[in-house]
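Working notes for the structure below.
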Amino acid sequence: MKRVLLFLLAFLPALAQAQMVTRDGVTLTQTQETRAEAIGDQLRCLVCQNESIEGSSATLAKQLRIIIRQHVVEGDSNKSIMQFMVQRYGIFVLLKPPFTPLTYLLYATPPLALIIGLLIFWVARRIRVTPPAPLSAEDAKRLDELLQ
Amino acid sequence: MAMSATRRRLLFGIPLALAVVGGEGFYTILRRMQRNDYDPHALPSPLIGKRPPAFSLPGLNGGPGFSNLDLLAPPRPMLVNWFASWCIPCVQEAQMLDWLTKNGLTIWGINYEDKADTAAHYLAQNGNPYTRIATDISGLTAINWGVYGVPETYLIDKTGIVRWRYAGPLTPDIVNGTLNKLLRRYS
């Protein structure tokens with residue numbers, strides 16, 4: 001029994017090998033492919049600017065997908081692959097812009113909008129005309145008389 | 001109930017001030033776009049202020065190619081122009097490149113993802129403004145330069161540093177408005 005198990009164990013790496021996929025001419029494991037897709041999803045295709053490299057059919061996007069996969073196979077970290085792209089195409093290649101002086105205003109926009117909204121709300125509340133004081137019993141009586 | 005004078009002034013003044021500032025901003029953008037000073041679609045190239053990345057490319061049909069080492073110290077500022085025979089905007093700028101060459105500007109070309117015979121045919125038909133032509137068949141050097149489409153033009157100064165990148169065909173407006181100024185500044 002033990003022998004059979006050991007025998008089967010010896011085949012485990014082969015099983016892992018069977019999980020290989022080929023994308024854009026690069027063969028890699030399913031885990032590597034998932035990682036490459038996650039990287040490509042965060043990069044903008046510069047030819048068709050609102051598509052990701054992963055989702056674009058442009059030639060340049062395909063070439064960049066190949067480069068990403070080659071780097072993944074070589075064991076490069078996600079960060080260094082992103083850095084590779086930024087060095088060549090600038091931060092515009094990142095679909096999620098980094099927090100740098102150039103993008104401070106961009107990231108400050110939601111809190112600024114909230115503050116302006118609260119200010120408007122506050123001013124509007126303060127200038128709301130206060131309703132007239134309720135009629136006194138005497139006035140109510142007189143009103144009734146007048147209406148009759 | 002009466003509003004206080006300050007509040008009335010603020011309620012009138014703040015939106016007015018915002019409209020003035022916003023209007024001024026939009027006006028500046030539009031005026032600069034009209035003067036070709038500003039292109040909202042232009043992407044800043046990370047190569048500006050740096051030397052081109054290391055590369056060595058063969059020439060076209062046995063001609064001499066060039067490498068990054070050949071761009072280290074040109075005698076005068078020069079252009080490196082990426083082109084391809086399959087690229088329609090390249091045909092549009094061909095006349096302008098010819099005119100620039102005839103007026104003494106040095107232009108080197110890099111033929112991007114092309115075939116030698118079609119590239120030769122293209123040059124025979126549209127004129128050859130290039131002193132030297134390198135061929136980037138794989139397009140990998142283009143990726144290292146950050147080229148994302150042809151034509152793209154890079155201005156290289158006398159110290160070999162990239163000073164300007166223009167993506168798209170060179171038009172008289174771009175040449176008169178931007179390129180001439182830069183050539184004067186770096187000559």
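Is one or more of the residues making up the range B:108-116 of a type in the set (A, V, I, L, M, F, W, C) and within 25 Å of B:Pro75 (Cβ to Cβ)?
From the range B:108-116, those of a type in the set (A, V, I, L, M, F, W, C) are B:108, B:110, B:116; that's our starting set.
When the remaining residues are screened for being within 25 Å of B:Pro75 (Cβ to Cβ), the result is B:108, B:110.
Yes, because at least one residue in the range B:108-116 is of a type in the set (A, V, I, L, M, F, W, C) and within 25 Å of B:Pro75 (Cβ to Cβ).
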The range B:123-150: number of residues that are crowded, with 22+ Cβ neighbours inside 10 Å and away from chain A (no Cβ under 14 Å): 5
Any hit, the range A:81-102, residues being surrounded by 10 or more Cβ atoms within 10 Å (Cβ to Cβ), in the same structural domain as A:Thr34 (by TED's automatic domain parsing), farther than 22 Å from B:Arg165 by Cβ and modelled with pLDDT of 95 or more: yes
Selected residue (only one of B:Asn36, B:Asn68, B:Asn81, B:Asn61 is at pLDDT below 95 and either surrounded by 13 or more Cβ atoms within 10 Å (Cβ to Cβ) or more than 25 Å from B:Trp145 (Cβ to Cβ) (or both)): B:Asn36
For A:His71: the one exception among (1) over 18 Å from A:Gln32 (Cα atoms); (2) part of a helix (DSSP H, G or I); (3) away from chain B (no Cβ under 11 Å): (1)
In the range A:38-50, the residues that are away from every other protein chain (no Cβ under 11 Å) and surrounded by 16 or more Cβ atoms within 10 Å (Cβ to Cβ): A:Ile39, A:Gly40, A:Gln42, A:Leu43
Failed condition for B:Asp114, given (1) out of contact with any Ser or Thr (no Cβ under 7 Å at 6 or more places or on another chain); (2) at pLDDT 95 or above: (1)
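For the range B:1-41, give me each residue that is of a type in the set (S, T, N, Q) and part of a helix (DSSP H, G or I).
B:Thr6, B:Thr28, B:Gln34
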Selection count where residues are more than 18 Å from B:Leu140 (Cα to Cα) and not hydroxyl-bearing (Ser, Thr, Tyr), scope the range A:45-72: 6
Options A:Ser77, A:Ser56; residue that is surrounded by 19 or more Cβ atoms within 10 Å (Cβ to Cβ), without any contact (Cβ under 8 Å) to a residue 40 or more places away in the chain and among the hydroxyl-bearing types (Ser, Thr, Tyr): A:Ser56
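The values are calculated or read from the model by the stated rules, or taken from the named source; none is laboratory data. Computed from a predicted model, the values in this text were never measured in an experiment. Cβ: placed from backbone, ideal geometry, glycine included. Neighbour counts: every protein chain shown.
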